[in-house]
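The values are calculated or read from the model by the stated rules, or taken from the named source; none is laboratory data. As the structure is a computational prediction, the values presented were derived from the model and not from experiment. Counting neighbours? That spans all protein chains shown, and the Cβs are built from the backbone with ideal geometry, glycine included. Ligands, DNA and RNA are excluded from the accessible area calculation, which covers all protein heavy atoms including side chains. Shrake-Rupley method; radii C 1.70, N 1.55, O 1.52, S 1.80 Å.
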Amino acid sequence: MNTGIWNYWVVVFLMMAGLYVVMAKRNYVKKLMGLSIFQVSVIMLYVSMGKVTGGTAPIYVLDGGTPAEGIVYSNALPHVLMLTAIVVGVATTAVGLGLIVRVREAYGSVEEDVVTEQDRAAEAAEARDFAEAGP
Amino acid sequence: MKEQLPVLVVVVPLLTAPLLVLLRAPAAVRILSLLAAAASTAAAVTLALTVEAPISYHLGGWPPPIGIEYRVTQATAFVLALVTTIATFSLLLGARGTRSEVTNGRTHLFYAAFLLCLAGLLGMVVTGDAFNVFVFLEISSLSTYALVAMGRRRRAFTAALNYLILGTIGGTFVLIGIGLLFQMTGTLNALDIARHMTQAEVGGTRTVQVAFAFLVVGFGIKLAVFPLHQWLPNAYAESPSAVSSFLAGTATKVIYFQTMRALLVLFGASYVFGTLRFGLFLGVLSLLGMFAGSLAAIYQTSLKRLLAYSSIGQVGYLTLALSFGSEAGTYAGLLHMGAHAITKTALFVVAAAIVSGVGTDRIDALAGLGKRLPLCAFAFVLGGLGLIGVPGTAGFVSKWALLEAALADGHLGYAAALLLSSLLAVVYVWRVVEVMYFRQPPPDAPAARGLRGYDWGALGPALVLMVASILLGVWSSPITGYVRTAATQLFRGGL
Amino acid sequence: MNASTAIVAALLTPLAGALLVALTGRRPNVRETMTALASLATLAWVLWLVPAVALEGNRPELVLARDMLPGVDLAFQVEPLGLLYALVATVLWPVTSAYAVGYMRGHHETHQTRFFVCFALAIFAALGIAFAANLGTLFLFYEVLTLSTYPLVTHQQTDEAKRAGRVYLGILLTTSVCLLLLAIAWTATTAGTLDFRPGGILRGHIPAASVPLLLGLYAYGCGKAALMPLHRWLPNAMVAPTPVSALLHAVAVVKAGVFAILKVVVYVFGLDLLRETGGSQWLMWVAAFTILMGSFIAFTKDNLKARLAYSTIAQLAYIVLGAALATPDGILGGGLHIATHAVGKITLFFCAGAILVASHKKNISEMDGLGRAMPLTMGAFFVGSLSIIGVPPMGGSWSKWMLALGAADGHAIFIGVLMLSSLLNIGYLIPIPIRAFFFDPKPEHAHGHGSAAHAHGEAPLLCVVPLCITAAGCLALFFFADQIVDLLRPLVEG
Amino acid sequence: MNLVFGAAAMGLLVTMALAMFRATVGPSAYDRISALNAFGTKTVLLIAVLGFLSGRPEWLDLALVYGLCNFVGTLAVLRFSKYGSLAKDELASAEDEP
Amino acid sequence: MELLITVTLFAFLIWMAVVIGRQRDLFSASMLTGIFSLICAGLFTVMDAVDVAFTEAAVGAGISTVLFLATLALTDERERRPEHTPLAAIGVVALTGAALVYGTLDMPAYGDPSAPVHTGVARHYMERSWDEIGLPNIVTGVLASYRGFDTFGELGVIFTAGIGVSLLLSAGTPELTPGAPPPPPKSRAPYVREMPILRTVSKALMPYILLFALYVQAHGDFGPGGGFQAGVIFTAALILYGLIWGPSAVEAFARRRLVERATAVGLLIYGGVGVTTLTLGHSFLDYSALSPEHPQHGQHWGIFVVELGVGITVSAVMLVIYYVFASRPKKDVSPMRQPLPLLGGACVGDVSTEDAEADS
């Protein structure tokens, strides 16, 4: 059964939805949510590569201690790769959230605009200090 | 034991990191991490000196493409030696520099993250497996995010966070690219992919074109190629000195090497430069990056930020070399990668020495440094000359190679642009030099100090690197000969 | 001892001198002794090389590092032109050092240690340029020279000095990096080598149409030659202390530029190639233009050092003209002019410095009657002027003569340029000694500096003796010009 | 047999859609919490049904994990919505310590 | 049938993605990401990726949600309204999406058994792993043996995340002095009394969940599961306990210092297997070295130990992350009151912000 490539288009849509959230939203928590959507969609891309029509999960169906004949399995390799990718995703999310907590503690906000504004103000203040202290 | 060296280079730092977590005692942690880096360096240098034919190491005992393969060629060995050496120097610096920058009680974590980052970078270099590149890319990236956030100012957090977001997008793009390649070839081994790529039903597909685009953009983000460079200045400027010197010398270099391999090995030069005509596009981007980076560097108010923008300009040189799509270009790129790694690391280390002497890296605050810390100022001048590419420094040797590569392909315009942009380097380096030597030191600044007044933990490594750069500048033949054979091999798709 | 050792020694002695000077900086007398010793030792090494090159026709070689760049060694070779340039530099170094000691102390300059260190480094670089066996080595030392003289130019560390330093570094580095390096790279890719070889290396490798372009890259790439319109750094660099100006304008820096051009013309292009293709035609006109414009501008300058600076620009263009003519006599004349102009111009600068030290006067209009207080200085000035103008029995006359001979073969119009320029030289140089000896001091200037105008006599002895020596040198060159030409003869033969 | 499982799956999908609708429109946090919980339960069931559909019922493990995670997630959400924090400590709150 | 389910789930996913993007209440959004993960897990199951589904459920719906909530507890719950339309983002996304769609045009169809993915190296795994490894779960075989080094790297990633989060968040919170017992309970907070059911249920469930975790760990060779999933489940149990009894109750059970060391131990176990094979003269992680006369047994042993290492590190790292998030007090500094940390020339060799916090 040939079902075409529509699934990849859906995956592409999901990826782009995630990417859009990352790029367009100014809230860091939201950005990370977008990032995890993006990553999960990529996992979806790989996993859908591994599907074989009419196949079953890549765990041998045992028949008296040996694999039964004539059973079609889906591809295990993308699954293996994506286990790693999931781990990478959650690791990134954890570190990112840790950073967000620190940003919030240091700036009082997790909005990119507010943070940037404060940085600018701090920079200007620093430059002013130097202008006053210097010759 | 010798045949195990390829994996030991990576595994030694990777397994020392958990040991550090178990040890915890700061002094022991410092020594052990330095030892690990040194051991890794020794392994890498041994490899570099002995490798002739490519070494294929089968991890898990499974031959490629079934299992993961480590491949050591002259090119990879060169990069390995470079990265490990710079890591060792940065750790020497870290031994003193980080004490004030990382709160005690977390020293072991800091060093563990450092070694993990190193292991990640090394793993990317030595692996011959596309997906393994992604895994180790993420190890190095994640630890980098945490390390960058250890900077002294709160801006380090936002720098790290923005780096994390962009870096993850980049990493995910790479993952997409690898996935698409995997889908069309059914394999993950780089050489195996390259073999499939020559078949028309693979190499001619649109999927492969898109895979190429995603890999290039993904690596481009991590490499800070011109329009994708936004994360770099803050990340370099705000991170602790040991980290910025390490990153500046290694991270972008390793990614550059990955890009080279992606273009030359994975897809093949004829596909990239012939079928896709990617050279012109990359060349134009490189030129923009060279000028934009250097111009921005001129207007910076902080020393580390200036160096960071200069790195963006230098990345332009690197990609320009690649864009020629020629053997000479590959050679020039590899060489400039090495030269710039040494020079930029040295400069960041000098910046660290200056920061520990002056307390800030604001350029305004460096007035009269030529009198206050003459050795630091002098070291900066030496490094700056290397950055400009004045003859007698390693930077000149590589710039010469770039020029030759440009002229050999008849790109007179590129050659002229290259030279023009190195004038911008003169401007930003000399701006700092003038502040150091021509402005009167603030009245309350301490007068010239004796040799004890320096942060030798930082200045020592810096001077060693400077001397190395100058030695390579006047006697480059051992390195250039080595790199040339490495480049030849790499350009022909050998991995 | 063989010649290679002498080359190494000649190169290392100034370097060691710089180090010793730096180390003994706390005790000025020891420091100055170090400079003196280093300069004399260097001179001895170079003189030791002379017989082998001049009489036996040897070309001593030395490879310091193989493959500094791929295919380019860090190598040295002593050939006549380089030897001449090295001789000029090393002979004048002890003299300049002695003068510098007097000047710096008399003028109460600061940072004297840095000054003498950089001075020694500059000589080191000049020797490296002189002995360079290929374009790569030459470029290396060319840049070292630029960088080591930068602290000298900006010695005063005033805003004016900083500006001058920017222009200095800006022009010299820009041209060398953008043009010279490009030219060298171009040469390397077309000729496949960068070695200096008699007869040139480009012949047969380069299309005739590219010759003028490449020559232009070289001519303007050697920014130190101060060809118009890239001459601006030279008058700007006048903010430096006078010994530096002497070094810049007579010995090391500017001569390095024209020396490099001569060397490139002789050993890279080869005279035949230039003559066959006519690729240097345009350069003659540029040189002629520079000669005349430089002289005209010199006329308008009241500041003595500025006037001398523009005079230098014009005189350098003589040498470029000689090179561009690409005739044997032109080359010989150009080479000879390196020596004669060096001695003449250094005399003039020494005098300017001595005047400054003794009377604190910079402008020509203030110098009326100065000859009575400083007869030796102004006498030497007169001698130097005659040499620059080219009046027998001064050395300068021979080099102009040779240049004119070179132009006679097909480019007679440039003889006219030379004559016109000589007239201009007379116009802007001779009035100075005349005013000094025959005019009465202007009262307002006497009051301007208080009673000091009458109180001062000659400058310190360490200033006056060197300028007398160089003035005598101008005279001596008239009689030894033949030997120099003989030395250079192999350049144009074979 | 498959028909029964198929119909069950369809029914589950419909209920999932309903739960999602509630999660989407809210309006209150508690609506969403219960929607999340309901959705989790439906997923557990769907996995179970899928196992039978594809003839590999041995993956009921999977459904168990879902049930567990759903429980933990819901609890966390509830706690968050009530106390605004996951950190309130029953034994010794962080603020009390020196 | 299968197709219908797939299509519906995909439609659900799109729906959720859009809703998450538009939802400005971050609390709701994090719940919706939980739902998103659950749908994904469902889809993975349909696509026969049971191991991936297993992991995604545990990570996406469990750990991630808890992490997001913990972060929200320390930050803000609402997102500000954006000030302008992000045209650049729309442009980039449209371009990227178009490129990807262009790239899909030459892809093999969904489920096509003759696609290169299935005929390439994967064929070797599918056909030979029973003989070479001898485990029913092909995924485990590939994961732990054929591509064991990838998994080693993956463990490195997790370990790095633990290190990173500790580096970021561990300072500034009072750590229990080593060796000292946890402080005695002061007073029972009223809310525990409010939820007797939860209390009872959680206590009753704990051992079973932990047992289940061990089962998943051990059964990974035969069915879906393995070290990673087991580690996550183990931690989920402890987090559950922590949610009801508070983080220090968990810390009393698994001391933080101990857990931090356990993160290292797991990685060292994994690497230790590699080093062992290496000293036995084989390649790194070549398990057949462990039993030269019977390579399959060596594989079994190696995979077992390696999975154990994975389980230990994963659960320890997850726990560490939970600790540092949950035990961090919320600092409600408004941007106005917060002094700008101007670390200019003023602070030579100064303390970092960390120290300042620890001092205060």
Response to the item:
Given backbone amide H placed at 1.01 Å from N, residues whose amide H is under 5 Å from that of C:A65, ignoring those fewer than 5 places away on the same chain, are C:L74
Discussion item. Beyond a 29 Å Cα-Cα separation, which of these cross-linked pairs lie in this structure: C:K263/C:K362; B:K304/C:K162; D:K42/D:K82; C:K305/C:K400; B:K2/B:K344?
Written reply: C:K263/C:K362; B:K2/B:K344
Worksheet item: So for the pair E:A252, C:V465, with labels modelled 7 Å out along Cα→Cβ, what separation do we get in nm?
Response: 9.6
Discussion item. If you average the alpha carbon positions of region C:347-420 and of region C:19-42, how far apart do those two centres end up, in angstrom?
Written reply: 32
Fill in: region E:1-76 - accessible surface per residue (Å², probe 1.4 Å)
17
Discussion item. If you count only protein heavy atoms and use a 1.4 Å probe, how large is the accessible surface of B:V11, to the nearest 10 Å²?
Written reply: 10
Fill in: Overall form of region D:10-65 per C-alpha gyration tensor (a/c, 1.5; a/b vs b/c)
oblate
Item to complete: Using only the Cα atoms of region A:1-109, build the gyration tensor, take square roots of its eigenvalues as a ≥ b ≥ c, and label the shape rounded, prolate or oblate: rounded if a/c is under 1.5, else prolate if a/b is larger than b/c, else oblate.
Response: oblate
Response to the item:
Under 13 Å by backbone N from the virtual spin label 7 Å along Cα-to-Cβ at B:K371, the residues of region C:80-110 are C:110
Item to complete: Under 13 Å from the Cβ of B:P18, count the other residues' Cβ atoms, weight Lys and Arg +1, Asp and Glu -1, and hand me the total.
Response: +1
Item to complete: Let me know the Rg and Dmax you get for region C:168-281 when you use only its Cα atoms, in Å.
Response: 15.0, 47
Worksheet item: Which of the residues in region B:39-75 lose at least 40 Å² of accessible area when you go from the chain alone to all protein chains together (probe 1.4 Å)?
Response: B:L59, B:G60, B:W62, B:I66, B:I68
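Would you mind classifying region E:1-76 by shape? Square roots of the alpha carbon gyration tensor eigenvalues, ordered a ≥ b ≥ c; an a/c under 1.5 is rounded, otherwise it is prolate if a/b is larger than b/c and oblate if not. Before the final figure, lay out the partial values.
Numbers: a/c = 4.99, a/b = 1.60, b/c = 3.11.
Judged from the Cα gyration tensor, region E:1-76 comes out oblate (a/c at least 1.5, b/c at or above a/b).
To the nearest 20 Debye, how big is the dipole of the protein assembly as shown about its Cα centre, given +1 on the beta carbon of each Lys and Arg and -1 on that of each Asp and Glu? Walk me through the numbers before you get to the answer.
Working: 95 positive and 91 negative charges, 600 e Å.
Charge dipole, the protein assembly as shown, about its Cα centre: 2880 debye, nearest 20.
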Item to complete: Roll a 1.4 Å probe over the protein heavy atoms and report the accessible area of E:D25 in Å², nearest 10.
Response: 30
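Taking R0 as 51 Å, what's the FRET efficiency between C:D272 and C:A36 from their Cβ-Cβ distance, rounded to 0.05? Walk me through the numbers before you get to the answer.
Numbers: r = 45 Å, r/R0 = 0.89.
Calculated transfer efficiency: 0.65.
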Worksheet item: Between C:I430 and B:L288, what FRET efficiency follows from the Cβ-Cβ distance if R0 is 56 Å, with the result rounded to 0.05?
Response: 0.45
Response to the item:
Projected onto the charge dipole of the protein assembly as shown (unit charges on the beta-carbon of Lys, Arg, Asp and Glu, signs +1, +1, -1, -1), the Cα from B:V29, C:T300, C:L262 with the largest positive-side position is that of C:T300
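Just tell me the longest site-free run in chain B, where the sites are trypsin sites (Lys or Arg not before Pro) in a DSSP loop having at most 15 other beta-carbon atoms within 10 Å.
Numbers: sites that count: B:R277, B:R449, B:R492.
The reported range is B:1-276.
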Item to complete: With all protein chains present, calculate the accessible area of E:R78 using a 1.4 Å probe and round the result to the nearest 10 Å².
Response: 140
Practice prompt. With unit charges on the beta carbon (Lys/Arg positive, Asp/Glu negative), name the residue among E:S64, E:F44, E:V18 whose Cα is farthest towards the positive pole of the charge dipole of region E:1-76.
Written response: E:V18
Practice prompt. Provide the per-residue ³J(HN,Hα) series for region C:189-200, in order, calculated from phi with Karplus coefficients 6.51, -1.76, 1.60 and θ = phi - 60°, each as a whole number of Hz, with x at glycine and proline positions.
Written response: 6, 8, 8, x, 8, 10, 5, 7, 10, x, x, x
Worksheet, complete the sentence: Accessible-area order for B:S398, A:S36, largest to smallest, probe 1.4 angstrom, reads A:S36, B:S398
Worksheet item: Between A:N27 and residues 5 or more places away or on another chain, which pairs have amide H atoms under 5 Å apart, with H built 1.01 Å from N, and which residues are they?
Response: A:E112
Discussion item. Whole-Hz ³J(HN,Hα) for each residue in region C:152-158, computed from phi via Karplus 6.51 cos²θ - 1.76 cosθ + 1.60 with θ = phi - 60°, x for glycine and proline: what do you get?
Written reply: 5, 4, 8, 4, 6, 6, 8
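For B:T50 and B:Q440 in one chain, what is 0.36 nm times their gap in residues minus the Cα-Cα distance, to one decimal in nm? Write down the numbers at each step before the final one.
Details: separation 390, 0.36 × 390 = 140.40 nm, distance 5.31 nm.
That works out to 135.1 nm of additional length.
Interface size between chain E and chain A, please: total buried accessible area, 1.4 Å probe, rounded to the nearest 100 Å².
On the way: alone 22170 and 9670 Å², together 23310 Å².
Separately minus together, E and A give about 8500 Å² buried.
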Fill in: Vicinal HN-Hα couplings computed from phi for region C:38-43 (Karplus, 6.51 cos²θ - 1.76 cosθ + 1.60; Hz; Gly/Pro x)
4, 5, 5, 4, 4, 4
Worksheet, complete the sentence: Placing +1 on each Lys and Arg Cβ and -1 on each Asp and Glu Cβ in region A:3-132, then taking the dipole about the Cα centre, the residue among A:V72, A:M49, A:F38 whose Cα reaches farthest towards the positive end is A:V72
Worksheet item: Which value, in debye to the nearest 20, describes the size of the charge dipole of region E:1-76 about its Cα centre when Lys and Arg Cβ atoms bear +1, Asp and Glu Cβ atoms bear -1, and nothing else is charged?
Response: 260
Item to complete: Please go through region C:24-97 and write out the GluC sites (Glu not before Pro) that DSSP classes as loop and that have at most 12 other C-beta atoms within 10 Å.
Response: C:E56
Practice prompt. For C:M367, enumerate residues with amide H under 5 Å from its amide H, sequence gap 5+ or separate chain, H modeled in the peptide plane.
Written response: none
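With the full set of protein chains in place, find how many percent of the accessible area of chain B is carbon and sulfur; take the probe as 1.4 Å. List each step's numbers first, then the result.
Working: 8420 of 12490 Å².
Percent of accessible area from carbon and sulfur atoms in chain B: 67.
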